[in-house]
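As structure tokens, the structure follows; a few thoughts come after it.
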Amino acid sequence: MLVLAAALVGVTLAAVAAEVAVRLLFGPQPRFPSRVVEAPWGLRMNEPGAVYRQQSADVRVEIRIDADGFRADRDHPRAKPGGVRRIVALGDAFTLGAAVEREQTFSHVLESELRKAGLAVDVLNAGVPGFGTAEECLYLERALFDYAPDLVLVSFRAEDLEENERADLLRFDGRKLVAGRDSYVPALLRTVRSATSWPSTPTPGRCCASGSRAARPGATRPRSSHRAASRARSWIASTATAAVAAFRWCS
């Protein structure tokens, strides 16, 4: 257990250091608007059935959300098909893959590689922009266990600590983790949750993810910097996720 704990701490510190390096080398990166609405279980979720495009100086991708809020090109039944193993990928916009096509998200790559190896596996991309680990934990408890996952992958970033503090869903009482408030839906979401239609291209002011904003003209770095930073961050998130998954299977 001590070796496992030390390894996880090492992965976390490496991810934090790499994130700092990305920011120092490439500067601030554009943040993309997202379709996030209030969920029936008191948290945020991707808008079911949403189809929209993300666009910046060097990124133009389409985001499709299925009927249950997952990034997917098809709906997934809650009842797991016989003989199929199911993996849930939890995280924020990096897990969702806000700046890449669905085929480039690590959840889709993982599913493809496992199927190539002859395994019957479904990987559900449950990433929600703005999420911290507290929201991810409650999302899993309140909704995702209904899909009977065999494995849960959690992507962690340093910003999750800030999101956890802001949401106040879980808190420490001394050294014990206890429940905080029962729900967390930012006020901005409540103003748009009843919207019945969205523009084909997101517009500033209708961006719901906490802290999300559209890139300002003239405020972005060269395309090569954006692309390099995106790849670096994707590598960081994928490495941390793979490490956590490996330790989970071995423990």
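Residues in the stretch 53-61: is at least one under 17 Å from GLY130 (Cβ atoms) and either at pLDDT below 95 or surrounded by fewer than 20 Cβ atoms within 10 Å (Cβ to Cβ) (or both)?
Yes, that holds for at least one residue.
Applying the selection to the stretch 139-157, what residues are surrounded by 14 or more Cβ atoms within 10 Å (Cβ to Cβ) and assigned to a loop (DSSP other than H, G, I, E, B)?
Within the stretch 139-157, ALA143, PRO149, SER155, PHE156, ARG157 meet the criteria.
Any residue at all in the stretch 14-32 that's closer than 30 Å to GLY180 by Cα, modelled with pLDDT of 95 or more, part of a loop (DSSP other than H, G, I, E, B) and within 17 Å of the chain's Cα centre (by Cα)?
Within the stretch 14-32, none of the residues are closer than 30 Å to GLY180 by Cα, modelled with pLDDT of 95 or more, part of a loop (DSSP other than H, G, I, E, B) and within 17 Å of the chain's Cα centre (by Cα).
Give me a count of the residues in the stretch 62-85 that are surrounded by 19 or more Cβ atoms within 10 Å (Cβ to Cβ) and more than 11 Å from the chain's Cα centre (by Cα).
5
Would you point out which residue out of GLY118, GLY130 is outside any strand (DSSP E or B), under 16 Å from the mean Cα position of the chain (by Cα) and at positive phi?
Within the list GLY118, GLY130, the selection yields GLY130.
Would you confirm, using the coordinates I've provided, whether VAL88 is in contact with a Cys (Cβ under 6 Å, 6 or more places away or on another chain), within 24 Å of ASP160 (Cα to Cα) and crowded, with 19+ Cβ neighbours inside 10 Å?
no
Quick check on this structure: which one of ASP58, ASP75 is touching an Asp or Glu at 6+ places or on another chain (Cβ under 7 Å), among the acidic types (Asp, Glu) and not in a strand (DSSP E or B)?
So the residue among ASP58, ASP75 that is touching an Asp or Glu at 6+ places or on another chain (Cβ under 7 Å), among the acidic types (Asp, Glu) and not in a strand (DSSP E or B) is ASP75.
Can you pull out every residue in the stretch 78-113 that is within 19 Å of ALA148 (Cα to Cα) and either of a type in the set (Ser, Thr, Tyr) or part of a loop (DSSP other than H, G, I, E, B) (or both)?
Correct list: ARG78, ALA79, LYS80, PRO81, GLY82, GLY83, VAL84, GLY91, SER107.
What single numbered condition from (1) in contact with a helix residue (DSSP H, G or I) (Cβ under 7 Å, 6 or more places away or on another chain); (2) surrounded by fewer than 21 Cβ atoms within 10 Å (Cβ to Cβ); (3) farther than 24 Å from VAL37 by Cβ; (4) not β-branched (Val, Ile, Thr) fails to hold for GLU113?
Answer for GLU113: the failing condition is (1).
Name the residue that is surrounded by the most Cβ atoms within 10 Å (Cβ to Cβ), counting only residues in the stretch 164-188 that are in contact with a helix residue (DSSP H, G or I) (Cβ under 7 Å, 6 or more places away or on another chain) and assigned to a helix (DSSP H, G or I).
Here the answer is ALA167.
The values are calculated or read from the model by the stated rules, or taken from the named source; none is laboratory data. Quick caveat, the model's predicted, so the values are computed rather than measured. So basically every Cβ, Gly included, is an ideal-geometry build from the backbone, and we count neighbours across all protein chains shown.
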